[in-house]
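Working notes for the structure below.
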Amino acid sequence: MTDICRRYSVGKNSFFALDNVSLTVNKGEFVCVTGSSGSGKSTLMNILGLLDTPDSGSYFFEELNVSELSDRELCRIRNRKIGFVFQSFNLIPGLDALENVCLPLEYRGISLKERIALGKAALDAVELSHRIHHKPSELSGGQQQRVAVARAIASAPELILADEPCGNLDSRSSGEIMKLLSNLNKSGKTVLLITHDKEDAAYADTIYRITDGVISKSEN
Ligand SMILES: Nc1ncnc2c1ncn2[C@@H]1O[C@H](COP(=O)(O)OP(=O)(O)O)[C@@H](O)[C@H]1O
Ligand SMILES: [Mg+2]
């Protein structure tokens with residue numbers, strides 16, 4: 001992405017949450033974005049994840065110019081190529097682990113039988129085979145986040161966007177999530193991690209820092 005700006009209006013005023021941000025994430029890379037609260041990290045992730053559009057600047061996802069894509073095409077790319085993990089897990093309380101993991105697969109017209117097979121495989125990959133019929137409320141925070149990782153990887157996306165995935169976790173569970181992300185990267189996935197934890201950032205190949213919407217490469 002090049003010269004991305006995202007402006008928010010608050011009352012009569014507006015300010016740049018992202019100010020001329022240029023960033024390239026290569027296939028297979030593990031990139032980390034750090035920065036204090038309110039610096040623009042989630043705004044950046046939402047644009048990278050095609051959940052939001054910039055006010056100016058250009059963003060190419062693979063070879064596609066995102067500004068030329070319809071909502072339908074954006075949705076399709078998001079669903080097939082990007083897996084999201086959020087700080088607050090974002091699991092649906094009424095569904096069990098397997099149902100949560102399978103839900104995004106439903107939008108892709110995959111048969112029930114195959115959805116269940118993919119969902120079970122993803123939960124197996126995060127070592128939760130023994131908890132597939134537990135509801136989120138019956139799981140620890142670390143386990144809930146592992147379900148969210150399983151949901152993100154079930155559809156075999158190429159890019160994983162994780163916005164402070166360890167923000168609500170104790171250090172042991174954080175370590176498990178970081179190991180998962182790191183292994184996913186080693187298996188070929190592109191990973192973009194947002195964190196303000198230095199130890200977690202150390203897993204990345206490249207570290208960027210955002211300060212008041214301005215990005216810079218960080219020396220580690
Ligand atoms: N929808 C919005 N409307 C107005 N201001 C927003 C909106 N979303 C975020 N902001 C503001 O933009 C800045 C960057 O927010 P965000 O990207 O969420 O920061 P971070 O994830 O680094 O904590 C903050 O000052 C925040 O208050
Ligand atoms: Mg944020």
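The values are calculated or read from the model by the stated rules, or taken from the named source; none is laboratory data. None of the values given here were measured: they were computed from a predicted structure. Glycine gets a Cβ as well: all are built from the backbone with ideal geometry, and neighbour counts include every protein chain shown. Protein only, heavy atoms only, side chains kept; ligands, DNA and RNA dropped before computing areas. Shrake-Rupley method; radii C 1.70, N 1.55, O 1.52, S 1.80 Å.
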Study note, to complete from the structure: FRET efficiency (Asp52, Lys198; Cβ distance; R0 30 Å; to 0.05) is 0.65
Exercise for review: With label points built 7 Å along Cα→Cβ from the Cα atoms of Glu106 and Glu127, find their separation and express it in nm.
Suggested key: 3.1
Review point. Could you give the accessible area per residue of segment 1-59, probe 1.4 Å, as a whole number in Å²?
Key: 48
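Counting only trypsin sites (Lys or Arg not before Pro) that are in a DSSP loop and have at most 14 other C-beta atoms within 10 Å, tell me the longest site-free stretch of the chain.
It works out to 109-220.
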Exercise for review: Could you let me know the centre-to-centre spacing of segment 1-27 and segment 128-158, using Cα atoms, in angstrom?
Suggested key: 32
Point to revise | Coil-residue GluC sites (Glu not before Pro) of segment 48-126, DSSP, other Cβ within 10 Å capped at 13 | key: Glu62, Glu63
Check your understanding: For segment 75-130, what is the accessible area per residue in Å² when the probe is 1.4 Å?
Key -> 54
Check your understanding: Each label point is 7 Å from the Cα along the Cα-to-Cβ direction; what then is the distance between the points at Ser171 and Ile92, in nm?
Key -> 3.8
Exercise for review: Output the relative contact order of the chain, whole-number percent, from Cα pairs under 8 angstrom with separation of 6+ residues.
Suggested key: 30
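Rounded to the nearest 500 deg cm²/dmol, what is the calculated helix-only ellipticity per residue at 222 nm for the chain, with -39500 (n - 2.57) per DSSP H run of length n ≥ 4?
Details: 7 runs with 76 residues, N = 220.
Taken over the chain, the calculation gives -10500 deg cm²/dmol.
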